[in-house]
Amino acid sequence: MTDRYVIEDRAQNTFSLSREALVSPAVLEKEHRAIFDRCWIYVGHASELAQPGDFRTRQVAGRPVIFCRDKAGVIRALLNSCRHRGTTVCREREGNARQFMCMYHGWTYETDGALKNVPGPEAYGAAFDKRKFGLVPVPRFEHYRDFYFACFDRLAPPLVDYLAGAKEYIDLVVDQSPSGRMEIIAGVQEYDVKANWKLLVENSVDDYHLPTVHTTWLNYMKNAGVNVRPPKEEGLLLPSKGWGKDLGNGHLTTDNVNFRGRPVARWISIYGEDAKADIDAIRRELVARLGEERAARIADTNRNLIVFPNLALNDGSSVTVRTFFPIAPDRMRVTAWCLGPSEETPAQRARRLDAFLTFYGPGGFATPDDVAALEAVQQGLAAWREVGWSDMSRGMAKPADAQLNTDEGHMRVFWRRWSELMDRAG
(Lines give C-alpha, C1' and ligand atoms only; values in the text may rest on other atoms or scores of the structure.)
Protein backbone atom coordinates (compact mmCIF):
# COMPACT_ATOMS: atom_id res chain seq x y z
CA MET A 1 0.00 0.00 0.00
CA THR A 2 1.37 3.38 -1.00
CA ASP A 3 2.08 5.99 1.66
CA ARG A 4 0.76 8.80 -0.56
CA TYR A 5 -2.58 8.82 -2.30
CA VAL A 6 -2.51 12.38 -3.63
CA ILE A 7 0.45 13.91 -5.45
CA GLU A 8 0.12 17.57 -6.37
CA ASP A 9 2.66 19.70 -8.21
CA ARG A 10 1.35 23.24 -8.41
CA ALA A 11 4.35 24.43 -10.38
CA GLN A 12 3.57 21.91 -13.11
CA ASN A 13 -0.22 22.12 -12.62
CA THR A 14 -0.57 18.40 -12.05
CA PHE A 15 -2.77 16.57 -9.55
CA SER A 16 -2.74 12.77 -9.38
CA LEU A 17 -4.88 10.43 -7.30
CA SER A 18 -3.80 6.92 -6.43
CA ARG A 19 -6.51 4.51 -7.56
CA GLU A 20 -5.64 2.33 -4.58
CA ALA A 21 -7.59 4.86 -2.49
CA LEU A 22 -10.74 3.69 -4.28
CA VAL A 23 -10.28 -0.09 -3.97
CA SER A 24 -8.35 -0.87 -0.79
CA PRO A 25 -10.02 -2.39 2.31
CA ALA A 26 -7.18 -0.97 4.40
CA VAL A 27 -7.92 2.53 3.12
CA LEU A 28 -11.60 2.12 3.97
CA GLU A 29 -10.77 0.97 7.50
CA LYS A 30 -8.52 3.98 7.96
CA GLU A 31 -11.27 6.28 6.62
CA HIS A 32 -13.61 5.07 9.34
CA ARG A 33 -11.14 6.19 12.00
CA ALA A 34 -9.64 9.28 10.32
CA ILE A 35 -12.75 10.76 8.71
CA PHE A 36 -16.08 9.32 9.85
CA ASP A 37 -14.99 9.22 13.50
CA ARG A 38 -13.63 12.79 13.38
CA CYS A 39 -15.94 14.86 11.17
CA TRP A 40 -19.46 16.17 11.67
CA ILE A 41 -21.83 13.69 9.98
CA TYR A 42 -25.38 14.53 8.93
CA VAL A 43 -28.10 12.76 10.94
CA GLY A 44 -31.40 14.29 9.88
CA HIS A 45 -33.69 17.30 9.64
CA ALA A 46 -35.84 18.68 12.46
CA SER A 47 -38.98 18.46 10.31
CA GLU A 48 -38.74 14.66 10.37
CA LEU A 49 -39.57 14.80 14.09
CA ALA A 50 -42.68 16.93 14.20
CA GLN A 51 -44.20 15.56 17.43
CA PRO A 52 -42.83 14.42 20.81
CA GLY A 53 -42.08 10.70 20.54
CA ASP A 54 -41.31 10.81 16.79
CA PHE A 55 -38.21 8.85 15.85
CA ARG A 56 -36.11 7.72 12.89
CA THR A 57 -33.51 4.95 13.15
CA ARG A 58 -30.40 5.51 11.06
CA GLN A 59 -26.86 4.27 10.53
CA VAL A 60 -24.52 7.19 11.18
CA ALA A 61 -20.80 6.65 10.61
CA GLY A 62 -21.32 2.91 11.08
CA ARG A 63 -23.29 3.26 14.33
CA PRO A 64 -26.99 2.53 14.87
CA VAL A 65 -28.64 5.76 16.00
CA ILE A 66 -32.13 6.75 17.16
CA PHE A 67 -32.85 10.27 15.90
CA CYS A 68 -35.81 11.31 18.04
CA ARG A 69 -37.80 14.03 19.76
CA ASP A 70 -38.33 13.23 23.43
CA LYS A 71 -41.46 13.87 25.50
CA ALA A 72 -40.24 17.36 26.37
CA GLY A 73 -39.75 18.21 22.69
CA VAL A 74 -35.93 18.03 22.73
CA ILE A 75 -34.32 16.53 19.62
CA ARG A 76 -31.74 13.87 20.44
CA ALA A 77 -29.42 11.34 18.83
CA LEU A 78 -29.10 8.21 20.97
CA LEU A 79 -26.94 5.19 20.22
CA ASN A 80 -29.36 2.37 19.48
CA SER A 81 -27.67 -0.19 21.71
CA CYS A 82 -29.14 -1.62 24.92
CA ARG A 83 -26.90 -1.12 27.94
CA HIS A 84 -27.49 -4.75 28.98
CA ARG A 85 -26.23 -6.86 26.05
CA GLY A 86 -26.07 -4.43 23.16
CA THR A 87 -29.29 -5.31 21.31
CA THR A 88 -30.86 -2.56 19.21
CA VAL A 89 -33.72 -1.29 21.35
CA CYS A 90 -35.61 0.33 18.46
CA ARG A 91 -35.99 -1.93 15.44
CA GLU A 92 -38.53 0.02 13.42
CA ARG A 93 -37.39 2.44 10.76
CA GLU A 94 -39.63 5.29 11.91
CA GLY A 95 -42.69 6.03 14.00
CA ASN A 96 -43.87 7.50 17.28
CA ALA A 97 -43.08 5.85 20.61
CA ARG A 98 -43.82 6.44 24.29
CA GLN A 99 -40.73 4.40 25.18
CA PHE A 100 -38.11 2.08 23.66
CA MET A 101 -38.04 -1.53 24.84
CA CYS A 102 -35.29 -4.04 24.13
CA MET A 103 -36.79 -7.19 22.62
CA TYR A 104 -34.14 -9.44 24.20
CA HIS A 105 -34.58 -9.00 27.96
CA GLY A 106 -37.13 -6.22 28.19
CA TRP A 107 -35.04 -3.32 29.42
CA THR A 108 -37.14 -0.22 28.75
CA TYR A 109 -35.97 3.33 28.07
CA GLU A 110 -37.65 6.74 28.05
CA THR A 111 -37.59 8.77 24.83
CA ASP A 112 -34.79 10.88 26.33
CA GLY A 113 -32.72 7.70 26.78
CA ALA A 114 -33.13 7.29 30.55
CA LEU A 115 -33.47 3.68 31.73
CA LYS A 116 -37.09 3.32 32.86
CA ASN A 117 -37.50 -0.32 33.86
CA VAL A 118 -35.49 -3.52 34.30
CA PRO A 119 -37.44 -6.79 34.67
CA GLY A 120 -36.57 -8.53 37.93
CA PRO A 121 -34.67 -5.66 39.53
CA GLU A 122 -34.33 -7.57 42.80
CA ALA A 123 -31.70 -9.79 41.14
CA TYR A 124 -29.31 -6.84 41.00
CA GLY A 125 -27.25 -5.66 43.93
CA ALA A 126 -27.72 -2.47 45.90
CA ALA A 127 -25.03 -0.72 43.85
CA PHE A 128 -27.01 -1.09 40.62
CA ASP A 129 -28.08 2.45 39.67
CA LYS A 130 -30.51 2.80 36.76
CA ARG A 131 -29.37 6.38 36.25
CA LYS A 132 -26.02 5.06 35.02
CA PHE A 133 -27.51 2.75 32.39
CA GLY A 134 -29.45 5.02 30.05
CA LEU A 135 -29.00 4.93 26.30
CA VAL A 136 -25.76 6.68 25.41
CA PRO A 137 -26.10 9.89 23.38
CA VAL A 138 -23.71 10.52 20.50
CA PRO A 139 -20.72 12.45 21.90
CA ARG A 140 -21.51 15.68 20.02
CA PHE A 141 -24.86 16.70 18.55
CA GLU A 142 -25.50 20.15 17.07
CA HIS A 143 -27.59 21.76 14.37
CA TYR A 144 -27.56 24.59 11.87
CA ARG A 145 -30.88 25.85 10.53
CA ASP A 146 -32.64 22.58 11.40
CA PHE A 147 -29.96 20.34 9.84
CA TYR A 148 -28.69 18.08 12.64
CA PHE A 149 -25.19 16.60 12.73
CA ALA A 150 -23.37 14.18 15.04
CA CYS A 151 -19.68 13.96 15.75
CA PHE A 152 -17.88 11.16 17.56
CA ASP A 153 -14.83 13.30 18.36
CA ARG A 154 -15.41 15.20 21.60
CA LEU A 155 -12.59 17.60 20.70
CA ALA A 156 -13.96 18.58 17.29
CA PRO A 157 -14.66 22.27 16.65
CA PRO A 158 -18.28 23.45 16.98
CA LEU A 159 -20.50 22.66 14.01
CA VAL A 160 -20.95 26.31 13.11
CA ASP A 161 -17.17 26.64 12.71
CA TYR A 162 -16.83 23.31 10.93
CA LEU A 163 -19.38 24.31 8.27
CA ALA A 164 -17.34 27.39 7.36
CA GLY A 165 -18.47 28.76 3.96
CA ALA A 166 -21.04 26.00 3.50
CA LYS A 167 -23.37 27.99 5.77
CA GLU A 168 -23.92 30.56 3.01
CA TYR A 169 -25.21 27.87 0.69
CA ILE A 170 -27.39 26.24 3.33
CA ASP A 171 -28.88 29.69 3.89
CA LEU A 172 -29.72 29.93 0.18
CA VAL A 173 -31.74 26.74 0.58
CA VAL A 174 -33.55 27.70 3.78
CA ASP A 175 -34.32 31.26 2.63
CA GLN A 176 -36.58 29.81 -0.06
CA SER A 177 -39.18 29.45 2.69
CA PRO A 178 -41.03 32.66 3.71
CA SER A 179 -40.89 31.52 7.34
CA GLY A 180 -37.46 29.88 7.19
CA ARG A 181 -39.11 26.50 7.79
CA MET A 182 -38.07 23.88 5.28
CA GLU A 183 -39.37 20.35 5.63
CA ILE A 184 -38.48 16.87 4.47
CA ILE A 185 -41.29 15.66 2.24
CA ALA A 186 -42.63 12.21 3.11
CA GLY A 187 -40.86 9.42 1.28
CA VAL A 188 -37.25 8.37 0.92
CA GLN A 189 -35.01 6.98 -1.79
CA GLU A 190 -32.49 4.32 -0.79
CA TYR A 191 -30.28 2.28 -3.07
CA ASP A 192 -26.82 0.75 -3.28
CA VAL A 193 -24.17 1.63 -5.84
CA LYS A 194 -21.37 -0.80 -6.66
CA ALA A 195 -18.70 1.88 -6.41
CA ASN A 196 -16.47 3.57 -3.86
CA TRP A 197 -18.28 6.27 -1.87
CA LYS A 198 -15.81 8.99 -2.83
CA LEU A 199 -16.75 8.62 -6.48
CA LEU A 200 -20.20 9.99 -5.64
CA VAL A 201 -18.60 13.03 -4.02
CA GLU A 202 -16.88 13.71 -7.34
CA ASN A 203 -19.95 12.90 -9.43
CA SER A 204 -22.19 15.22 -7.40
CA VAL A 205 -20.16 18.26 -8.46
CA ASP A 206 -18.74 17.04 -11.78
CA ASP A 207 -20.45 19.11 -14.47
CA TYR A 208 -17.81 17.98 -16.98
CA HIS A 209 -19.74 14.71 -17.46
CA LEU A 210 -23.13 16.28 -18.12
CA PRO A 211 -22.94 16.61 -21.95
CA THR A 212 -21.88 12.97 -22.42
CA VAL A 213 -23.62 11.07 -19.60
CA HIS A 214 -26.91 12.98 -19.55
CA THR A 215 -27.68 13.39 -23.26
CA THR A 216 -31.20 11.97 -22.79
CA TRP A 217 -32.04 14.63 -20.25
CA LEU A 218 -30.52 17.41 -22.38
CA ASN A 219 -32.64 16.25 -25.32
CA TYR A 220 -35.70 16.24 -23.06
CA MET A 221 -34.96 19.83 -22.02
CA LYS A 222 -34.40 20.84 -25.65
CA ASN A 223 -37.71 19.31 -26.70
CA ALA A 224 -39.38 21.24 -23.85
CA GLY A 225 -38.12 24.49 -25.33
CA VAL A 226 -35.04 25.08 -23.18
CA ASN A 227 -31.92 26.34 -24.96
CA VAL A 228 -29.22 23.78 -24.20
CA ARG A 229 -26.53 25.19 -26.48
CA PRO A 230 -23.45 26.48 -24.69
CA PRO A 231 -22.47 30.08 -25.50
CA LYS A 232 -19.62 29.54 -27.93
CA GLU A 233 -17.95 32.86 -27.26
CA GLU A 234 -17.37 31.74 -23.67
CA GLY A 235 -15.73 28.46 -24.66
CA LEU A 236 -18.10 26.61 -22.32
CA LEU A 237 -19.37 23.03 -22.36
CA LEU A 238 -22.71 23.81 -20.68
CA PRO A 239 -25.58 26.13 -21.65
CA SER A 240 -24.68 28.61 -18.91
CA LYS A 241 -21.68 29.67 -16.91
CA GLY A 242 -20.87 28.18 -13.52
CA TRP A 243 -18.03 27.96 -11.05
CA GLY A 244 -16.53 25.49 -8.64
CA LYS A 245 -15.84 26.91 -5.18
CA ASP A 246 -13.77 26.03 -2.12
CA LEU A 247 -15.83 26.69 1.03
CA GLY A 248 -13.21 25.64 3.58
CA ASN A 249 -12.72 22.47 5.67
CA GLY A 250 -13.16 20.27 2.60
CA HIS A 251 -16.62 21.63 1.73
CA LEU A 252 -17.21 22.60 -1.89
CA THR A 253 -19.91 23.56 -4.33
CA THR A 254 -20.82 24.31 -7.89
CA ASP A 255 -22.44 27.71 -8.28
CA ASN A 256 -24.16 27.99 -11.64
CA VAL A 257 -26.27 30.43 -13.59
CA ASN A 258 -29.52 28.52 -13.93
CA PHE A 259 -30.78 27.38 -17.31
CA ARG A 260 -32.89 24.36 -16.41
CA GLY A 261 -35.73 26.07 -14.56
CA ARG A 262 -36.80 25.88 -10.94
CA PRO A 263 -40.21 25.37 -9.40
CA VAL A 264 -39.05 27.88 -6.79
CA ALA A 265 -38.99 31.04 -8.84
CA ARG A 266 -38.29 30.59 -12.54
CA TRP A 267 -40.80 29.28 -15.02
CA ILE A 268 -39.94 27.28 -18.12
CA SER A 269 -42.15 25.31 -20.42
CA ILE A 270 -41.58 21.92 -18.79
CA TYR A 271 -43.74 23.06 -15.86
CA GLY A 272 -46.72 23.85 -18.06
CA GLU A 273 -48.46 27.11 -18.81
CA ASP A 274 -50.71 26.79 -15.76
CA ALA A 275 -47.66 27.08 -13.48
CA LYS A 276 -46.40 30.39 -14.84
CA ALA A 277 -48.56 32.70 -12.73
CA ASP A 278 -47.90 30.69 -9.57
CA ILE A 279 -44.14 30.69 -10.07
CA ASP A 280 -44.17 34.42 -10.87
CA ALA A 281 -45.98 34.97 -7.54
CA ILE A 282 -43.28 33.00 -5.71
CA ARG A 283 -40.63 35.23 -7.22
CA ARG A 284 -42.53 38.40 -6.22
CA GLU A 285 -42.62 37.09 -2.65
CA LEU A 286 -38.86 36.48 -2.70
CA VAL A 287 -38.21 40.01 -3.98
CA ALA A 288 -40.53 41.60 -1.41
CA ARG A 289 -38.96 39.66 1.46
CA LEU A 290 -35.30 39.56 0.45
CA GLY A 291 -34.77 42.24 -2.19
CA GLU A 292 -33.99 41.90 -5.89
CA GLU A 293 -30.38 40.82 -5.48
CA ARG A 294 -31.00 38.08 -2.91
CA ALA A 295 -34.10 36.88 -4.75
CA ALA A 296 -32.12 36.57 -7.98
CA ARG A 297 -29.36 34.74 -6.11
CA ILE A 298 -31.88 32.14 -4.93
CA ALA A 299 -33.99 31.92 -8.07
CA ASP A 300 -31.54 32.33 -10.93
CA THR A 301 -28.65 30.17 -9.75
CA ASN A 302 -28.41 26.52 -8.77
CA ARG A 303 -25.78 24.67 -6.81
CA ASN A 304 -24.62 21.25 -5.70
CA LEU A 305 -23.12 21.55 -2.23
CA ILE A 306 -20.91 18.92 -0.60
CA VAL A 307 -20.55 19.16 3.17
CA PHE A 308 -17.45 17.09 3.86
CA PRO A 309 -17.39 14.18 3.89
CA ASN A 310 -20.69 12.73 2.66
CA LEU A 311 -23.65 15.12 2.60
CA ALA A 312 -24.87 16.54 -0.70
CA LEU A 313 -27.45 19.31 -0.98
CA ASN A 314 -28.49 19.53 -4.62
CA ASP A 315 -30.38 22.80 -4.97
CA GLY A 316 -31.57 22.91 -8.56
CA SER A 317 -34.82 21.82 -10.16
CA SER A 318 -35.71 20.68 -6.63
CA VAL A 319 -33.82 20.46 -3.33
CA THR A 320 -32.36 17.01 -2.69
CA VAL A 321 -30.71 16.02 0.59
CA ARG A 322 -28.47 13.02 -0.05
CA THR A 323 -26.10 11.04 2.13
CA PHE A 324 -23.92 8.08 1.20
CA PHE A 325 -21.93 5.74 3.42
CA PRO A 326 -19.40 3.07 2.45
CA ILE A 327 -20.36 -0.52 3.18
CA ALA A 328 -17.35 -1.96 1.30
CA PRO A 329 -14.49 -0.48 -0.74
CA ASP A 330 -16.56 -1.01 -3.88
CA ARG A 331 -20.07 -0.43 -2.52
CA MET A 332 -21.99 2.45 -0.95
CA ARG A 333 -25.51 2.97 0.34
CA VAL A 334 -27.25 6.14 -0.80
CA THR A 335 -30.22 7.75 0.96
CA ALA A 336 -32.01 10.79 -0.44
CA TRP A 337 -34.92 12.99 0.58
CA CYS A 338 -36.78 15.89 -1.03
CA LEU A 339 -36.80 19.18 0.89
CA GLY A 340 -39.24 22.04 0.38
CA PRO A 341 -40.81 25.09 2.08
CA SER A 342 -43.45 24.16 4.62
CA GLU A 343 -45.81 26.79 3.16
CA GLU A 344 -46.02 25.24 -0.31
CA THR A 345 -49.43 24.74 -1.86
CA PRO A 346 -50.38 21.28 -3.17
CA ALA A 347 -49.65 22.42 -6.74
CA GLN A 348 -46.23 23.76 -5.76
CA ARG A 349 -45.44 20.60 -3.83
CA ALA A 350 -46.46 18.46 -6.82
CA ARG A 351 -44.09 20.37 -9.13
CA ARG A 352 -41.27 19.98 -6.61
CA LEU A 353 -41.77 16.24 -6.25
CA ASP A 354 -42.03 15.84 -10.01
CA ALA A 355 -38.70 17.62 -10.44
CA PHE A 356 -37.15 15.56 -7.62
CA LEU A 357 -38.22 12.27 -9.17
CA THR A 358 -37.69 13.26 -12.80
CA PHE A 359 -34.05 14.21 -12.40
CA TYR A 360 -32.64 12.80 -9.14
CA GLY A 361 -34.92 9.81 -8.57
CA PRO A 362 -33.55 6.25 -8.94
CA GLY A 363 -35.67 5.96 -12.09
CA GLY A 364 -35.16 9.54 -13.26
CA PHE A 365 -33.06 11.08 -15.99
CA ALA A 366 -29.86 11.61 -13.98
CA THR A 367 -29.40 8.98 -11.28
CA PRO A 368 -29.49 5.79 -13.42
CA ASP A 369 -26.96 7.35 -15.79
CA ASP A 370 -24.72 8.39 -12.90
CA VAL A 371 -24.94 4.97 -11.26
CA ALA A 372 -23.98 3.29 -14.53
CA ALA A 373 -21.03 5.65 -14.93
CA LEU A 374 -19.77 5.16 -11.36
CA GLU A 375 -20.06 1.40 -11.55
CA ALA A 376 -18.15 1.46 -14.86
CA VAL A 377 -15.42 3.47 -13.12
CA GLN A 378 -15.23 0.92 -10.32
CA GLN A 379 -14.99 -1.92 -12.82
CA GLY A 380 -12.14 -0.15 -14.57
CA LEU A 381 -10.35 0.38 -11.28
CA ALA A 382 -9.76 -3.38 -11.08
CA ALA A 383 -6.66 -2.60 -13.16
CA TRP A 384 -5.30 -0.27 -10.47
CA ARG A 385 -2.06 -2.16 -10.06
CA GLU A 386 -1.19 -1.60 -13.73
CA VAL A 387 -2.91 1.78 -14.17
CA GLY A 388 -2.19 3.26 -10.80
CA TRP A 389 -3.10 6.93 -10.99
CA SER A 390 -5.98 9.13 -12.10
CA ASP A 391 -5.40 12.64 -13.44
CA MET A 392 -7.42 15.40 -11.76
CA SER A 393 -5.63 18.47 -13.05
CA ARG A 394 -8.32 19.97 -15.26
CA GLY A 395 -8.34 23.76 -14.80
CA MET A 396 -5.30 23.90 -12.53
CA ALA A 397 -3.59 26.54 -14.66
CA LYS A 398 -6.47 28.96 -14.06
CA PRO A 399 -6.71 31.37 -11.12
CA ALA A 400 -8.77 29.99 -8.22
CA ASP A 401 -11.63 32.42 -8.85
CA ALA A 402 -11.83 31.38 -12.50
CA GLN A 403 -12.31 27.65 -11.89
CA LEU A 404 -15.38 26.60 -13.86
CA ASN A 405 -17.91 23.97 -12.85
CA THR A 406 -16.51 21.81 -15.65
CA ASP A 407 -13.01 22.03 -14.18
CA GLU A 408 -11.84 19.86 -11.31
CA GLY A 409 -10.68 22.49 -8.84
CA HIS A 410 -13.59 21.90 -6.46
CA MET A 411 -12.95 18.14 -6.52
CA ARG A 412 -9.35 18.80 -5.59
CA VAL A 413 -10.70 20.65 -2.51
CA PHE A 414 -12.25 17.39 -1.32
CA TRP A 415 -9.17 15.30 -2.04
CA ARG A 416 -6.79 17.71 -0.32
CA ARG A 417 -8.87 17.58 2.84
CA TRP A 418 -9.27 13.81 2.61
CA SER A 419 -5.51 13.42 2.19
CA GLU A 420 -4.80 15.79 5.08
CA LEU A 421 -7.01 13.83 7.49
CA MET A 422 -5.66 10.47 6.34
CA ASP A 423 -2.07 11.68 6.74
CA ARG A 424 -2.87 13.14 10.16
CA ALA A 425 -4.12 9.74 11.26
CA GLY A 426 -0.71 8.28 10.46
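Observations on the model:
- Meets criteria (surrounded by fewer than 18 Cβ atoms within 10 Å (Cβ to Cβ) and in contact with a strand residue (DSSP E or B) (Cβ under 7 Å, 6 or more places away or on another chain)) for Gly388: yes
- Every residue from region 391-409 that is assigned to a helix (DSSP H, G or I) and crowded, with 17+ Cβ neighbours inside 10 Å: Gly409
- Restricted to region 112-165, and to residues there that are within 25 Å of Gly180 (Cβ to Cβ) and acidic (Asp, Glu), the residue that is surrounded by the fewest Cβ atoms within 10 Å (Cβ to Cβ) is Asp161.
- Leading residue by the ranking (surrounded by the most Cβ atoms within 10 Å (Cβ to Cβ)) among those in region 4-29 that are polar (S, T, N, Q) and in contact (Cβ under 8 Å) with a residue 60 or more places away in the chain: Ser18
- Residue count for region 324-353, restricted to those that are buried (at least 18 other Cβ atoms within 10 Å of the Cβ) and among the acidic types (Asp, Glu): 2
- Of residues in region 1-29 being in a loop (DSSP other than H, G, I, E, B) and touching a Leu at 6+ places or on another chain (Cβ under 7 Å), the one modelled with the lowest pLDDT: Tyr5
- Inclusion of Gly120 among residues that are on the phi > 0 side of the Ramachandran plot, assigned by TED's automatic domain parsing to the domain that holds Leu79 and under 39 Å from the mean Cα position of the chain (by Cα) is not warranted.
- Counting only strands (runs of 3 or more DSSP E) wholly contained in region 126-233, the ones carrying 3 or more residues that are farther than 26 Å from Gly244 by Cα and within 20 Å of the chain's Cα centre (by Cα) occupy 140-144, 189-193.
The values are calculated or read from the model by the stated rules, or taken from the named source; none is laboratory data. What you see is a predicted model, and the numbers here were worked out from it, not measured in a lab. Cβ atoms come from the backbone with ideal geometry, glycine included; neighbour counts cover every protein chain shown.
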